[in-house]
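Everything below concerns the one structure shown next.
The values are calculated or read from the model by the stated rules, or taken from the named source; none is laboratory data. On a predicted model such as this, the values are computed, not experimentally measured, just so you know. Neighbour counts are summed over all protein chains in view; Cβ atoms, including those assigned to glycine, are modelled from backbone coordinates with ideal geometry. Please note that ligands, DNA and RNA were not included when accessible areas were found on the heavy atoms of the full protein model with its side chains. Shrake-Rupley method; radii C 1.70, N 1.55, O 1.52, S 1.80 Å.
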Amino acid sequence: MPSAMIGYLMKLIEQDKISLTIYIGDERLSELLDDLGLTQAFNIKTKSFA
């Protein structure tokens, strides 16, 4: 996920007060956002990784 996209989503959440839920089916992306501490901010929901 490009850093510009992360910044844009953060703007939506913090400045525009938009509630966001992201459904992720890619384990690497889920781990990246978790490492960045964005799981709760983006309300991340993961699908099973088979």
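General remarks:
- For region 13-26, a residue qualifies if it is closer than 15 Å to Gln40 by Cβ and among the hydrophobic types (A, V, I, L, M, F, W, C), and the qualifying residues are Ile13, Leu20, Ile22, Ile24.
- Looking across region 17-32, just one residue is hydroxyl-bearing (Ser, Thr, Tyr), open to solvent by 90 Å² or more (accessible area, probe 1.4 Å) and assigned to a loop (DSSP other than H, G, I, E, B), and that is Ser19.
- Hey, Lys45 of a type in the set (Lys, Arg), part of a strand (DSSP E or B) and either out of contact with any helix residue (DSSP H, G or I) (no Cβ under 6 Å at 6 or more places or on another chain) or in contact (Cβ under 8 Å) with a residue 60 or more places away in the chain (or both) or not: yes
- Breaking point among (1) of a type in the set (Ser, Thr, Tyr); (2) assigned to a loop (DSSP other than H, G, I, E, B); (3) touching a residue at least 24 places away in the same chain (Cβ under 8 Å), for Thr39: (3)
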